[in-house]
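The values are calculated or read from the model by the stated rules, or taken from the named source; none is laboratory data. Only a predicted model underlies this, so the values are computations on that prediction, with no experimental measurement involved. As a convention, Cβ positions derive from the backbone with ideal geometry for all residues, glycine included, and neighbour counts pool all protein chains shown.
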Amino acid sequence: MDIKVAPSILAADFANLADEVKDISRAGIDFFHIDIMDGHFVPNISIGPAVVNSLRPHTRLPLDVHLMIQEPLKYMDRFIGAGADIITLHIETIKPQKFKQQAEKLHAKGIKIAVSLNPDTPVSRIKGVLEAADMVLVMTVYPGFGGQKFISSVLPKITEIRSLYSGDIAVDGGIDDKTARLAVKAGANVLAAGTYIFKAKDRKKAVRKLKYAH
Ligand code: DX5
Ligand code: ZN
């Protein structure tokens, strides 16, 4: 499986977001990972739909909006209106039945839907929605902050999901060239990375290193 790289703009310079997005769009990436935090589901606050909307004209690449918010259904449409191409919902915030309903709605609009799970959430919680999901985003840190350490005890969970699911499996949190290799070996094929890419001296090289992390 080809490895896809999705930079998390959480690690970008927020005062220069347009330039950051343009710069990284040329670094051989596959899509953007945009972290939305509400101070409830996670102990931090990031950005809302207005920022996504302002970024939209600066890249043609897809925008994956990772909703780390308590009430995703209340705000989802606003992120779609702002230009999201993929909506990532946490299984801790939505019932499987509701997820499947949303999948139908989004697919009818040509928008993809992904399911995410926290490090301590078992695979059994997402089993019922795998068929409806376009991607699984496995958290390899507890969500809320960039720059945390990769939790390697999550690796067997990636392998378990791979045994049930042939679509895209992404990992998010603490990804660098070394942890990427472990995640890919375990069965992941999409690497969301913030700090490793944006803080790199040579961003293109950092992306390339992730792409060939196997
Ligand atoms: C964590 C976010 C991640 C984070 C990744 O709450 O969901 O996407 O920005 O950042 P790094 O790569 O710095 O761990
Ligand atoms: Zn994220």
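Points worth noting:
- The set of residues in region 136-148 that are buried (at least 20 other Cβ atoms within 10 Å of the Cβ) and out of contact with any Gly (no Cβ under 6 Å at 6 or more places or on another chain) comprises 136, 137, 138, 143.
- Any pair with Cβ under 9 angstrom, 6 or more apart, that starts in region 165-193 at a residue that is without any contact (Cβ under 8 Å) to a residue 12 or more places away in the chain and ends at one that is within 15 Å of ligand 2 (Cβ to nearest atom): 178/150
- Residue check for residue 137: over 17 Å from the mean Cα position of the chain (by Cα) and in contact (Cβ under 8 Å) with a residue 40 or more places away in the chain: no
- Residue 7 being under 20 Å from residue 183 (Cβ atoms), of a type outside the set (D, E, K, R) and either touching a Lys or Arg at 6+ places or on another chain (Cβ under 9 Å) or surrounded by 13 or more Cβ atoms within 10 Å (Cβ to Cβ) (or both): yes
- Residues in region 1-22 that are part of a helix (DSSP H, G or I) and within 10 Å of ligand 1 (Cβ to nearest atom): 9, 10, 11.
- Out of 45, 36, sole residue that is surrounded by 15 or more Cβ atoms within 10 Å (Cβ to Cβ), of a type in the set (A, V, I, L, M) and at pLDDT 95 or above: 36
- Residues satisfying the stated conditions in region 60-73, i.e. in contact with a strand residue (DSSP E or B) (Cβ under 7 Å, 6 or more places away or on another chain) and either over 14 Å from residue 17 (Cβ atoms) or away from ligand 2 (no atom under 16 Å from the Cβ) (or both): 61, 62, 64, 65, 66, 67, 68, 69, 70, 72
- Residue count, region 155-187 (criterion: away from ligand 1 (no atom under 13 Å from the Cβ) and either surrounded by 15 or more Cβ atoms within 10 Å (Cβ to Cβ) or part of a loop (DSSP other than H, G, I, E, B) (or both)): 16
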